[in-house]
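Throughout, read-outs are computed from the coordinates displayed, never taken from laboratory work. Here the structure is a predicted model, which is why all the values come from computation and not from measurement. Backbone-built Cβ (ideal geometry, glycine too); neighbour counts: all protein chains shown.
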Amino acid sequence: MADIIKIVGYDSTRSKKHGTAMFDIYLNLSDFPPHVWTQIFEDRWKLETYNMKRDAWIEDNYIILHCIPEEVDKYHLEHLKSVVDTTNPDFAGFVSYRQKNDAKRKEVEVKETERLNALKGKLKFD
């Protein structure tokens with residue numbers, strides 16, 4: 001996944017009341033985030049602090065925000081966008097790190113295979 005994930009909408013058909021006054025508000029993401037992206041987002045959200053903060057988590061291609069509907073634009077949306085915006089480069093850094101490690105590992109494997117093949121040519125069994 002190279003695309004940047006963004007909050008692109010609100011799904012009123014999935015959003016539902018949860019408890020006496022609270023709702024689960026479903027905000028559409030532009031793509032289905034990979035598991036690691038989701039972990040980074042949720043870890044960053046836990047660290048985000050502001051008045052009126054509510055629980056938020058990822059399911060499929062949604063951020064689910066547990067709050068009163070009137071709070072979404074008043075308190076939460078800008079903070080959610082900010083956390084999404086910082087999650088994207090963190091995830092890109094993870095992908096880059098993993099790709100570099102994979103390339104190094106493959107390079108080592110190629111060298112080891114070459115060493116083993118070289119040994120095969122040196123051995124005499126007469």
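Things to note:
- Given +1 at the Cβ of Lys and Arg, -1 at the Cβ of Asp and Glu and no other charges, the dipole of the chain around its Cα centre is 700 debye to the nearest 20.
- When only alpha carbons of the chain are considered, Rg and Dmax amount to 23.2, 86 Å.
- Among Thr38, Thr113, Thr49, the ranking by other beta carbons within 10 Å of each residue's beta carbon, starting with the fewest, stands as Thr49, Thr113, Thr38.
- Bridging of Lys81 to lysines at a Cα separation below 26 Å is possible for Lys6, Lys16, Lys17, Lys46, Lys53, once same-chain residues fewer than 8 apart are set aside.
- Per-residue ellipticity at 222 nm computed for the chain from its helices equals -17000 deg cm²/dmol, with DSSP H segments shorter than 4 residues left out and the rest contributing -39,500 (n - 2.57).
- The chain: most fluctuating residue of Val110, Val72, Val36 per GNM, C-alpha cutoff 10 Å: Val110
- Inter-part distance where the stretch 2-57 and the stretch 79-126 are each reduced to a Cα centre, Å: 33
- Partner lysines for Lys111 [C-alpha distance under 16 Å; skip if fewer than 8 residues away on the same chain]: Lys120
- Given 16 as the ceiling on other Cβ atoms within 10 Å, longest exposed-site-free region of the chain for GluC sites (Glu not before Pro) in DSSP loops: 71-126
- Positive-end extreme of charge dipole, the chain - chosen from Leu47, His35, Thr20 (charges on Cβ): His35
- Along the chain, the longest continuous region that contains none of the chymotrypsin sites (Phe, Trp or Tyr not before Pro) in a DSSP loop with at most 11 other C-beta atoms within 10 Å is 51-124.
- Computed from Cα positions, the angle between helix 77-122 and the longest principal axis of the chain comes to roughly 10 degrees.
- Positive-end residue, the chain charge dipole about Cα centroid, Cβ charges, pick of Ile4, Val83, Gly93: Gly93
- In loop segments of the stretch 89-126 as defined by DSSP, the trypsin sites (Lys or Arg not before Pro) with at most 14 further C-beta atoms inside 10 Å of their C-beta are Lys124.
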